[in-house]
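Below: the structure, in structure tokens.
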Amino acid sequence: MPEDAHADPIARMPAKDPDDRVYMIAAVAAHVAAIVNWNLADFSA
């Protein structure tokens, strides 16, 4: 898959920290039910 294939969805993904968008798009692509992390500043409950 080309590297830029996810560029548009990443740009549209809402995030307090733009560097966290790649994790959200990976979760969407993998069809995960939840993202578990301790970064409450950028991922509120």
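The values are calculated or read from the model by the stated rules, or taken from the named source; none is laboratory data. From a predicted model like this one, the values you see are computed outputs, not experimental measurements. Reconstructed Cβ throughout: ideal geometry from the backbone, glycine too, with neighbour counts over all protein chains shown.
Scanning the range 5-36 for residues that are surrounded by 10 or more Cβ atoms within 10 Å (Cβ to Cβ), at pLDDT 80 or above and in a loop (DSSP other than H, G, I, E, B) yields V32, I35. When P2 is tested against (1) at pLDDT below 80; (2) of a type outside the set (A, V, I, L, M, F, W, C); (3) surrounded by 13 or more Cβ atoms within 10 Å (Cβ to Cβ), just one condition goes unmet, and that condition is (3).
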